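Here is the structure we will look at.
The values are calculated or read from the model by the stated rules, or taken from the named source; none is laboratory data. Because the structure is predicted, anything quoted here is derived from the model rather than measured. Methodologically, a virtual Cβ is constructed for each residue, glycine included, from the backbone with ideal geometry; neighbour enumeration extends over all protein chains shown.
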Amino acid sequence: MPILYSFRRCPYAMRARLALAVSETRCELREVKLAAKPSAMLEASPKGTVPVLVLPGGEVIDESLDIMRYALSRNDPEAWLANDDPDLIAGNDGPFKHHLDRYKYPERHGSDPLIHREHAMNFLRQVEDRLTMSPHLAGKGRGMVDAAVAPFVRQFAAVAPLWFEEQKLPRLQGWLADFLASELFRAVMLRPRPWTPEQPPLFFP
């Protein structure tokens, strides 16, 4: 059975868990305490970031999008791979994530959070425009791009929730609310204890 090293609140790990869950790819879930990363994870992936998926044969996949595509290539009951948009995901993972980090953690980056918030909003307005054409980012049903982007939009919204609610982004706000209320999202947001070699395995989904 594959082993997934994860961290509940990390948006990269979150989107990996979403794809593993929707594809019914059963694995052993090992929650990581970032301040004390387990040696087994670091041996598998020395870069030390989550998620890390260790396959039964020993192959290691340590990029979230690669984990998503691996899981969905095995079983894709909702046709997520057909509802993809690599360019939009690149905009999310590149410029939007850059500005999100500097908005959320200004003390860490020595940044002006309001300047970076406005730059991040440029991407969210693009998402808002996309949602005028369909209820999801690549069609009528949720797909790869929705699962890849939503955890980061969730993180942005949580920095200043009241301010976010006041923005003129009705379609994006509705799309995010539906995502957060979904059974799939609730299923991947379980609260496991940090993994240790001594504890019984926790299987997911």
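Which one of Pro161, Pro170, Pro197, Pro113 is at pLDDT below 95 and out of contact with any Ser or Thr (no Cβ under 8 Å at 6 or more places or on another chain)? Lay out the reasoning, then the answer.
On the way: Pro161 fails: at pLDDT below 95; Pro170 fails: at pLDDT below 95; Pro113 fails: at pLDDT below 95.
Step by step, each of Pro161, Pro170, Pro197, Pro113 is checked, and only Pro197 is at pLDDT below 95 and out of contact with any Ser or Thr (no Cβ under 8 Å at 6 or more places or on another chain).
Of the residues that make up the stretch 85-92, is at least one touching a residue at least 40 places away in the same chain (Cβ under 8 Å) and more than 16 Å from the chain's Cα centre (by Cα)? Quick ask: steps written out before the conclusion?
Kept after step one, since they are touching a residue at least 40 places away in the same chain (Cβ under 8 Å), are these residues of the stretch 85-92: 85, 88-89, 92.
Keeping just the survivors that are more than 16 Å from the chain's Cα centre (by Cα) gives none.
No, the stretch 85-92 has no match at all.
Can you pull out the residues in the stretch 138-184 that are surrounded by 14 or more Cβ atoms within 10 Å (Cβ to Cβ) and assigned to a loop (DSSP other than H, G, I, E, B)?
Ala138, Gly141, Arg142, Gly143, Ala160, Gln167, Leu169, Ser182
For Gly58, state whether it is of a type in the set (Gly, Ala, Ser), on the phi > 0 side of the Ramachandran plot and either outside the structural domain of Leu124 (by TED's automatic domain parsing) or in contact (Cβ under 8 Å) with a residue 24 or more places away in the chain (or both).
So Gly58 passes the test.
Return the residues of the stretch 1-33 that are assigned to a loop (DSSP other than H, G, I, E, B) and of a type in the set (Val, Ile, Thr); say none if nothing qualifies.
Thr25, Val32
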